[in-house]
1. Rounded, prolate or oblate: pick one for the stretch 94-180, where a ≥ b ≥ c are the square roots of the eigenvalues of its C-alpha gyration tensor, a/c under 1.5 means rounded, and failing that, prolate if a/b is larger than b/c, else oblate.
2. Classify the stretch 291-356 as rounded, prolate or oblate, taking a ≥ b ≥ c as the square roots of the eigenvalues of its Cα gyration tensor: rounded when a/c is under 1.5, otherwise prolate if a/b is larger than b/c and oblate if not.
3. Considering only Cα-Cα distances, which of the following residue pairs are longer than 28 Å: K177/K308; K73/K252; K114/K331?
4. Using only the Cα atoms of the stretch 59-99, what do you get for the radius of gyration and for Dmax, in Å?
5. So, with +1 on the Cβ of K and R and -1 on the Cβ of D and E, and no other charges, what is the size of the charge dipole of the stretch 307-356 about its Cα centre, to the nearest 20 debye?
6. Going from the alpha-carbon gyration tensor of the stretch 126-175, what semi-axes, largest first and in whole Å, does one get by taking the root of 5 times each eigenvalue?
7. Where does the charge balance sit around A283 when Lys and Arg score +1, Asp and Glu -1, over other residues with C-beta under 13 Å from its C-beta?
8. Over the Cα atoms of the stretch 59-217, what Rg and Dmax result, in angstrom?
Amino acid sequence: MPLDQLSLWQEPPRAHELKSPRSPRRARAVAPVPPAALGAAAPPEAGTGLSLEHLRAQADRYAEAAYAPRTRKARQQDWEAFARWCATNRIPALPTDTETLRCYLTHLVIIGRKASTIRRARTTIGLMHEQVGAPRPDRTARTREVERGIGNLHGAHEEGATPLLEHEVATIVATLKDSPRDLRDRALILLGFFGGFRASELCGLMVDDVTFTKDGATVLVARSKEDQQGKGGHTNIPFGATPGTCPIEALKRWMQRVGRPAGPVFRVIEGAQIEHQRISERAVSRAVQRAVARAGLSGHYSSHSLRKGLCTSAFAAGATKREIQLHCRMKSERTLDRYLFPELVPGRKNVAQGLL
């Protein structure tokens, strides 16, 4: 099957092709799709309804929208890598069999791929077979056996980003001054920490999504990794203990500097000029890394450090797992466990201390 036919992982339809502009504060009915958005074929005559050709095209578009953009990109790359490996070894990629997949997973181990990458590649290959109606080689007992053996012999530990705990966040924001970039980065870091937000959630935040209250602010997360349907959810952001670490103060100062009543909250900065364009997810990580470098901290930091740091700091301060899970909009406690690093909290009491 040609790679350009991987409909599951192509670019998603643009927003204007699928729905009308959203109103983030209330539930919405699905807007009718204009015939012009359904493909290149000529629309049917007035009064006859949409043809099956148009409906199939639109069904394909909805299927594409089932996956987040980063997921589509990663799986497209996984499939292309597998197809190249199969071409090199002169064996078919689609359909493939259990023995071929076992050999490919072993190949990924040998070239140093992480456990998470290997799992994703296995799933991608299986989904591609399912899409064309072929048996899934990733669900056989022999394939699972190889993956378990890889984990037993090589481990499944994943490093990931270093958490930024509350005292470290205070340290890095203290290095930021009053330039447009520093004002934006301070608001970005403090809001990202206090809300436990993902980079994608910060990038997607609109001015209308923020409501300042007597207790701080309420932030609407219109869509997230775990909310692909766009049901939306609110997160309450409290005031900070000091003006220098207060996310509300930092956000107000930044929004006053932007000076625009609508549009993205966090915007691209060119020189001293604040553009209307929203920042990228990579820009969130760069903001964290710039502040960390100024403060002289060592570790592997990214935007994910803020979410991990909030979860760990809150847990160490006595918040329950359920409270943290709800605040950070996580579906399960199992997901939360990947964000908790209590062993990194200074002064943490050892559970065995004082027993004998």
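1. Details: a/c = 4.05, a/b = 2.41, b/c = 1.68.
In terms of gyration-tensor shape, prolate.
2. Oblate is the answer for the stretch 291-356, as a/c is 1.5 or above yet b/c matches or exceeds a/b.
3. With Cα atoms farther than 28 Å apart: K73/K252.
4. 13.1, 36
5. Here the size comes out at about 200 debye.
6. Square roots of five times the eigenvalues give 42, 18, 6 Å.
7. Once all neighbours under 13 Å are counted, the net charge is +3.
8. 22.0, 67
We did not get these values from a lab; they are worked out from the coordinates using the rules stated. Every value quoted in this text rests on a predicted model; they were computed, and no experiment measured them. When we count neighbours, we look across all protein chains shown, and the Cβ atoms used for this are built from the backbone with ideal geometry, even at glycine.
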